Amino acid sequence: MFESLGVLNIWTYVLGTIFIILLPGPNSLFVLAVGAGRGVRAGYQAVLGVFLGDCVLMTLTAAGAASVLKLLPMLFLGLKAAGAVYLLWLGLNLWVSAVRPGSTQKQVLTSPSASPFRRALLLSLLNPKAILFLLSFFVQFVDPSYPHPVLSFLILAAILQACSLIYLSVLIFGGARLAGAFRRRPGMARMGSALVGTLFIWFAGRMALEP
């Protein structure tokens with residue numbers, strides 16, 4: 001069925017997608033943090049931001065943005081630097097929430113400018129390497145002789161988003177359960193903020209330093 005739509009080795013793709021999604025990254029970590037700090041509803045707002053950002057990146061991939069980024073290395077470096085700065089800013093804010101008296105991770109995530117949707121959207125969009133990755137991953141499963149490759153890309157993207165929704169839902173409900181423990185043990189909440197902040201700072205450094 002899928003081969004008639006230009007998609008090759010569908011089950012290999014599904015298995016690879018699951019392994020990729022399970023790798024920890026800033027998007028999934030942010031969803032978990034929001035679920036723990038603000039609950040299920042805010043967690044799904046963050047998921048919506050991730051989904052919209054991923055849809056934009058996958059659309060750009062299908063449209064050939066990867067070739068543009070390769071041809072314009074300064075644009076790629078600029079986007080990568082912006083992503084690293086944003087991750088660093090989030091990480092430092094979470095560290096401040098961990099060490100400042102009376103401050104919590106929830107306060108960082110619930111400030112008026114801290115819309116889970118907007119922050120998750122920015123996290124997703126400020127990752128130009130995702131476009132290059134998606135192209136290199138998707139192209140392995142698209143039949144080059146199929147006359148409508150965009151349709152093949154859309155099918156692969158839909159499978160990726162479905163797997164991502166299942167995984168992020170698990171993180172949201174897991175984070176919501178952590179929230180109860182955080183309310184009973186403020187010290188644990190501070191340690192959680194420091195850990196999440198450290199990971200965001202590490203992601204920022206990796207994004208800035210990796211070629």
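Summary table below
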item	result
Qualifying residue in region 1-20 (condition: touching a helix residue (DSSP H, G or I) at 6+ places or on another chain (Cβ under 6 Å) and of a type in the set (Gly, Ala, Ser))	yes
Residue check for residue 13: at pLDDT 80 or above, in a helix (DSSP H, G or I) and over 23 Å from residue 140 (Cα atoms)	no
Any pair with Cβ under 6 angstrom, 6 or more apart, that starts in region 125-143 at a residue that is buried (at least 20 other Cβ atoms within 10 Å of the Cβ) and ends at one that is among the basic types (Lys, Arg) and in a helix (DSSP H, G or I)	128/80
Residue list for region 103-159, restricted to those being at pLDDT 75 or above, within 25 Å of residue 46 (Cα to Cα), of a type in the set (A, V, I, L, M, F, W, C) and not in a helix (DSSP H, G or I)	126
Residues of region 22-66 that turn out to be in contact (Cβ under 8 Å) with a residue 40 or more places away in the chain and among the basic types (Lys, Arg), as a count	1
Selection status of residue 86, over 24 Å from residue 209 (Cα atoms), at pLDDT 70 or above and out of contact with any Gly (no Cβ under 6 Å at 6 or more places or on another chain)	no
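The values are calculated or read from the model by the stated rules, or taken from the named source; none is laboratory data. Note that the structure is predicted; figures quoted are calculated from it, not measured. FYI the Cβ positions are ideal-geometry reconstructions off the backbone, even for glycines, and counts take in every protein chain you see.
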